[in-house]
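Heads up: the structure comes next, in structure tokens.
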Amino acid sequence: MRVPVWNIEGQQVGEVELRPEVFEAPIHIPLMHQALVRQLANARLGTHKTKTRGEVHYSSRKMWPQKHTGRARQGSRDAPHWYHGGVVFGPRPRSYEQRMPKKMRRAALRSALSVKAREGQILILDRLELPEPRTRLMKEVLARLPVGKSALILLAGPNENVRRAVRNLPNVAYLHAMCLNIRDLFKYETLIIPLDALAMIEDWLTRPVVRKKFALPAAGAASAA
């Protein structure tokens, strides 16, 4: 797939071939959904908590006698059916972490990038540099480019001018290319990628996944210890 390359002046300066392994990969909707749910779940703190009747502290005095009052018998003000009493089966602190193999996560990113490429929502720049960190300059650059309602800018390295120029724009975000994730891909309409960041993403998503091997200590070293 060949797409045009733009400069910050809004002019087409050439074309670039997108690697089909990344931008023409098979689209797996359930896999993308699983990756998105995993990322959103891992972002949850899980610190919610309610008090049980053993943690609510009211007076331990019996409210009224057991018999001869005409009222229902009550033994504890901490009971769940009382106002401000303990909560039954309430939320407790827990972890919402979900695990997903690295191969599946990368396959989900390739599927999402393929959807973006098919919809024409990927914009390639020759370079993205600003002389000073001004929001007005970044707004003028985006106005000259065919950008949708929102945009995600991916850069190959830290760029303080771009970061500070983007942070005041409500529908534009800045992200390092190696931090690309499924949530931001779906959150923003247009993906703006300079050529150096494009090469980094293509190399990352086509690189084979190597499993880490943990070497056991030798028998002689263990006995000596």
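Within the stretch 20-42, the set of residues being surrounded by fewer than 17 Cβ atoms within 10 Å (Cβ to Cβ), in contact with a Ser or Thr (Cβ under 8 Å, 6 or more places away or on another chain) and within 17 Å of residue 121 (Cα to Cα) comprises 24, 27. Residue 88 meets the conditions (1) more than 38 Å from the chain's Cα centre (by Cα); (2) surrounded by 10 or more Cβ atoms within 10 Å (Cβ to Cβ) in every case but one. The failed one is (1).
Table: residues versus (1) more than 30 Å from residue 212 (Cβ to Cβ); (2) among the aromatic types (Phe, Trp, Tyr); (3) assigned to a loop (DSSP other than H, G, I, E, B).
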{"residue": "25", "(1), (2), (3)": "no, no, yes"}
{"residue": "38", "(1), (2), (3)": "no, no, no"}
{"residue": "46", "(1), (2), (3)": "no, no, yes"}
{"residue": "51", "(1), (2), (3)": "yes, no, yes"}
{"residue": "91", "(1), (2), (3)": "yes, no, yes"}
{"residue": "99", "(1), (2), (3)": "no, no, yes"}
{"residue": "103", "(1), (2), (3)": "no, no, no"}
{"residue": "129", "(1), (2), (3)": "yes, no, yes"}
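Of everything in the stretch 178-199 that is within 26 Å of residue 14 (Cα to Cα) and surrounded by fewer than 20 Cβ atoms within 10 Å (Cβ to Cβ), the residue that is nearest to the chain's Cα centre (by Cα) is 178. Inspect all residues belonging to the stretch 114-136 and state whether any of them is without any contact (Cβ under 8 Å) to a residue 40 or more places away in the chain, under 20 Å from the mean Cα position of the chain (by Cα) and over 18 Å from residue 197 (Cβ atoms). Within the stretch 114-136, none of the residues are without any contact (Cβ under 8 Å) to a residue 40 or more places away in the chain, under 20 Å from the mean Cα position of the chain (by Cα) and over 18 Å from residue 197 (Cβ atoms). Evaluating residue 45 against the criteria (1) closer than 30 Å to residue 111 by Cα; (2) exposed (fewer than 11 other Cβ atoms within 10 Å of the Cβ); (3) touching a residue at least 40 places away in the same chain (Cβ under 8 Å) leaves one unmet condition, (3).
Each value in this text was obtained by applying a stated rule to the coordinates, not by laboratory testing. All values reported here derive from a predicted model rather than from experimental measurement. Note that we place each Cβ from the backbone using ideal geometry, even for glycine, and neighbour counts take in every protein chain shown.
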